[in-house]
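Every number in this text was worked out from the coordinates using simple rules, so none of it is lab data. Keep in mind that what you see is a predicted model, and the values were worked out from it rather than measured. A quick note on method: Cβ atoms are made from the backbone with ideal geometry, for glycine too, and the neighbour counts reach across all protein chains shown.
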Amino acid sequence: MKRHLLYSEDKLRGLLYGTWIGDAAGASFEGYGPDLIPSLDSHYFISHPPVTYTDDTQMTISVLEEMVENGEIIQESLKERFLKRFSPWRHYSGGMLEVIERWRSGEHIESAARSLYGGMGSFGDGAAMRVAPISAFFSIKSIEDFTEQVKLCSSLTHTHPYGISGAVLQGYAVLLALNEVSPEDWFTHFYQLEIESAYKIKLGDVARALKHQASAHESVRMVGNGADALDAVSAAIYSFLRNPSSFEDSLTFAISMGGDTDTIAAMTGAIAGAFWGYKRIPSWLLGSLENGKNGRVLVEKLISKAVENRENIRRGEDSNLR
């Protein structure tokens with residue numbers, strides 16, 4: 001079923017630029033421990049503004065393009081978008097580089113993804129970090145159809161159940177944010193998801209960290225900050241729920257946790273941007289983002305097309321009612 005954008009232009013722009021800002025701002029600190037990360041405030045970002053995105057945002061853009069152009073995830077089509085847009089200098093992981101080489105050699109999609117890590121498939125956060133745009137095309141009541149699309153997007157590169165469940169959980173967090181569900185109610189929604197039980201155990205750790213208002217340092221021990229999806233998605237959700245009052249507080253907390261900072265901050269930015277919208281993102285985080293055909297120009301073009309598609313469908317529906 002071909003789908004169209006269901007949320008405001010401001011919300012879509014918020015989740016996209018939130019991903020980009022988190023990705024670009026966090027990339028400078030990837031692999032750092034929290035003790036090595038400076039105080040991140042407006043003064044820091046004015047002198048060290050986020051500019052260039054990594055593979056996280058590049059693949060997110062391709063997912064948005066797929067949803068805008070096709071209204072659903074068609075794996076072969078999305079694979080071609082990943083290949084066409086692939087820029088190795090944007091710091092792709094070793095697993096993704098291997099999958100791309102296998103695709104280029106003609107290997108089947110499912111076989112290429114399953115070959116990773118001794119046939120287990122990847123359980124990293126690379127599927128979760130790119131799914132946010134899918135959420136913008138689904139209502140909160142369409143969870144089964146939404147989950148199916150997330151799984152199609154994820155299994156291109158991640159066949160391990162932990163990698164796929166992480167993407168479902170992250171995408172659903174963005175969906176809750178788009179609908180402005182009170183953060184106090186998120187756990188009730190999360191526990192109803194059909195995801196690996198390890199995630200529900202980890203969500204218990206997130207809840208305990210929230211109860212104690214764990215600092216960025218403390219949350220590394222309680223929640224984690226690694227590149228596996230189980231840690232990274234949980235860290236992103238914690239960063240938002242710990243700091244739900246503003247986009248920038250969620251973002252800076254996510255980076256201050258250290259570890260896989262670009263991806264954790266990208267996912268946090270997607271959630272916070274979806275919740276608050278683009279207009280609530282501070283200008284000092286937006287002013288230096290790269291422009292041109294692969295930057296703002298491309299993102300704005302896709303946003304405009306998503307809005308145009310929705311309006312065309314609405315006009316057609318109105319015409320049919322006459």
Next item on the list: Would you calculate the separation in nanometres between label points at residue 246 and residue 110, each defined as 7 Å from the Cα along the Cα-to-beta-carbon direction?
Entry: 5.0 nm
Notebook entry, point to check: With all pairs of different alpha carbon atoms counted, what Kirkwood hydrodynamic radius in Å does region 156-247 show?
Noted result: 13.3 Å
Checklist line | Listed residues 198, 236, 270, most fluctuating in the chain (Gaussian network, C-alpha, under 10 Å) | finding: 198
Next item on the list: When you have a sec, figure out the Kirkwood radius of the chain from all distinct Cα pair distances and drop it here in Å to one decimal?
Entry: 19.3 Å
Note to self: Using a 10 Å cut-off around each Cβ, can you sort 60, 52, 157 from fewest to most neighbouring Cβ atoms?
What the structure shows: 52, 60, 157
Check: Ranking 120, 96, 1 by Cβ neighbours within 10 Å, fewest first, what do you get?
Finding: 1, 120, 96
Notebook entry, point to check: Where the only charges are on Cβ atoms (+1 Lys, Arg; -1 Asp, Glu), what is the dipole of region 9-315 about its Cα centre, to the nearest 20 debye?
Noted result: 440 debye
Next item on the list: Please work out how many pairs of lysine residues in the chain are eight or more positions apart (or on different chains) and have Cα atoms closer than 18 angstrom.
Entry: 14
Notebook entry, point to check: To the nearest Å, what is the center-to-center distance of region 126-198 and region 61-94, using C-alpha atoms only?
Noted result: 18 Å
Note to self: Using a Gaussian network model on the chain with a 10 Å cutoff between Cα atoms, which of 133, 161, 88 fluctuates the most?
What the structure shows: 88
